[in-house]
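Notes to accompany the following structure.
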Amino acid sequence: MYDKIFDDMKSRMQPVLDLAETNKKAMEKLAAVQKDSMTEMVNASLEQFKALSQVKEPQAALDLQMKYYKDLESKMANSAEQSIAAITEAKEAFVAAVEEAAKKATAEVEGAVKKATGK
């Protein structure tokens, strides 16, 4: 009897566990994207500083800065796209889990109603 109760409780809690796992994976992906982005920006800043320290002409410095900002913009756009993809994936998994849990709950309620009414 207790085994049936625990199994029933486990099956009812599975969607919550699935959602927690989805959330964990999304957060890990977002943290990895953030870490990689920061590493790239720090490395690019150091390279930019080294390059600027060797420039003699103002126009060359301006050209280096323009290239640096364009590269930085591209890297930030890429990081944003990766973050959005991770969030979208998590949202889709969340919606699927909620829909599946709702279908299961509806089927259980319908079964209970049929059993109670004898139909």
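The values are calculated or read from the model by the stated rules, or taken from the named source; none is laboratory data. Values in this document were obtained by computation on a predicted structure and should not be read as measured data. We place every Cβ from the backbone using ideal geometry, glycine too, and count neighbours over all the protein chains shown.
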Could you figure out which of (1) under 29 Å from L17 (Cβ atoms); (2) surrounded by 10 or more Cβ atoms within 10 Å (Cβ to Cβ) isn't true of K115? (2)
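Matching residues to (1) at pLDDT below 95; (2) within 30 Å of A101 (Cβ to Cβ):
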{"position": "T22", "(1), (2)": "yes, yes"}
{"position": "K35", "(1), (2)": "no, no"}
{"position": "K56", "(1), (2)": "yes, no"}
{"position": "M66", "(1), (2)": "no, no"}
Looking at A80, A61, can you tell me which residue is in a helix (DSSP H, G or I), touching a helix residue (DSSP H, G or I) at 6+ places or on another chain (Cβ under 8 Å), over 30 Å from A101 (Cβ atoms) and not charged (D, E, K, R)? A61
Please enumerate the residues belonging to segment 1-39 that are touching a residue at least 40 places away in the same chain (Cβ under 8 Å) and not acidic (D, E). P15, L19, T22, N23, K25, A26, K29, L30, V33, Q34, S37
Suppose the filter is within 28 Å of the chain's Cα centre (by Cα), loosely packed, with under 14 Cβ neighbours inside 10 Å, free of Cβ contacts under 8 Å to residues at least 12 places away in the same chain and closer than 30 Å to K104 by Cβ; does V42 pass it? no
Can you tell me how many residues in segment 71-88 are of a type in the set (S, T, Y) and loosely packed, with under 14 Cβ neighbours inside 10 Å? 2
Criterion: assigned to a helix (DSSP H, G or I), in contact with a Lys or Arg (Cβ under 7 Å, 6 or more places away or on another chain) and closer than 28 Å to K25 by Cα - qualifying residue of E40, E73: E40
